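Novice: My questions all concern the structure below.
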Amino acid sequence: QVQLVQSGAEVKNPGASVKVSCKASGYTFTGYYIHWVRQAPGQGLEWMAWINPNSGDTNYAQKFQGGVTVTRDTSIITAYMDLTRLRSDDTAVYYCARGSSLYDGMDVWGQGTTVTVSS
Amino acid sequence: DIQMTQSPSSLSASVGDRVTITCRASQSISRYLNWYQQKPGKAPKLLIYAASTLQSGVPSRFSGSGSGTDFTLTISSLQPEDFATYYCQQSHSTPPTFGGGTKVEIK
């Protein structure tokens, strides 16, 4: 079936980097955008970035420009989100989600990856 | 960026109640409005896209309406499995933005 499977939970020190993966299955990976959305503990949803797996084009929320990089490897149908210079307020659950176009809803979500930043 | 404002932020309701959640955009977004349901510890689930189109597999007690800046999610008869947090999201322009959420609790 159609699914996105994310990598496991991470615990990082402040200032470190983390790379979260999102492996697609059950659909044509290059036919859908991949969004990255995060959710801090007890808070709402915050969009971070999208990538077009076909072209490699990306777009970032202004807040995350320079600190987040999203990439993809079409050979293994996997998208990645790299978050650098981690701070305690980056502690959150990070989700990848699929969208058929930028005007559509996000119809398939990964299970989420918890990133904890703590010294 | 387009701001999305949901109301109420929380509500208490009983099984069988009709529940309405509103979402207002800071500028016109035509009908590029999506609704999600999220249960604790789970990823969000798309319920409605394009303001009123039910995602496949979503029960017909859920409905959406609106265009421009004002939108509504209605649950016609609340069921036990509907107690969750609901988010609206605009997909009219980048960056996509979410409302703050509405938590539906058991009365």
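Novice: Over the Cα atoms of the protein assembly as shown, what radius of gyration and what Dmax do you get, in Å?
Specialist: Spelled out, the Cα radius of gyration and Dmax of the protein assembly as shown are 17.3, 51 Å.
Novice: Tell me the Kirkwood hydrodynamic radius of chain B in angstroms, computed as one over the mean inverse distance between distinct C-alpha pairs.
Specialist: Evaluated on chain B, it is 13.6 Å.
Novice: Here is a further query. For an R0 of 41 angstrom, estimate the FRET efficiency from the Cβ-Cβ distance between A:Thr30 and A:Ser119 and round to the nearest 0.05.
Specialist: Step by step, r from the Cβ atoms, then E = 0.55.
Novice: For A:Lys19, give me every one of the aspartates and glutamates with a C-alpha distance below 12 angstrom, ignoring sequence neighbours fewer than eight places off in its own chain.
Specialist: Answer for A:Lys19, where 12 Å is the Cα cut-off: A:Glu10, A:Asp82, listed by chain and number.
Novice: State the extension gain, in nm to one decimal, for the chain segment bounded by A:Gln43 and A:Asp82, taking 0.36 nm per residue of separation less the distance between their alpha-carbons.
Specialist: 11.9 nm
Novice: Each label point is 7 Å from the Cα along the Cα-to-Cβ direction; what then is the distance between the points at A:Asp57 and B:Leu11, in nm?
Specialist: For A:Asp57 paired with B:Leu11, the spin-label model returns 3.8 nm.
Novice: Then there is this: Based on the alpha-carbon set only, what is the convex hull volume of the stretch B:52-92 divided per residue, in Å³?
Specialist: Per residue, the Cα convex hull of the stretch B:52-92 comes to 87 Å³.
Novice: What does DSSP give for the protein assembly as shown in terms of the percent of beta bridges that are antiparallel, rounded to the nearest 5?
Specialist: Antiparallel: roughly 90 percent of the beta bridges in the protein assembly as shown.
Novice: Then there's this: To the nearest 20 debye, what charge dipole does chain A have about its Cα centre, counting +1 at the Cβ of each Lys and Arg and -1 at the Cβ of each Asp and Glu?
Specialist: Computed charge dipole of chain A: roughly 200 debye.
Novice: Now for a different question. Could you tell me the extents of the stretch B:1-58's C-alpha atoms along the three principal axes, largest first, rounded to whole Å?
Specialist: Its Cα atoms span 34, 26, 24 Å along the three principal axes.
Novice: In percent, how large is the relative contact order of the stretch A:26-119, given Cα pairs closer than 8 Å and 6 or more residues apart?
Specialist: Result for the stretch A:26-119 is 28 percent.
Novice: Considering chain A, what Rg and Dmax in Å follow from its alpha-carbon atoms?
Specialist: Both quantities, over Cα of chain A: 13.5, 41 Å.
Novice: Express in nm, to one decimal, how much length is gained between A:Val2 and A:Ser100 on full extension, taking 0.36 nm for each residue of separation and deducting their alpha carbon distance.
Specialist: Gain in length upon complete extension: 34.0 nm.
Quick note: the coordinates plus some simple rules give every number you see, no bench work behind them. Keep in mind it's a predicted model, so treat the numbers as computed, not measured. Note that we place each Cβ from the backbone using ideal geometry, even for glycine, and neighbour counts take in every protein chain shown.
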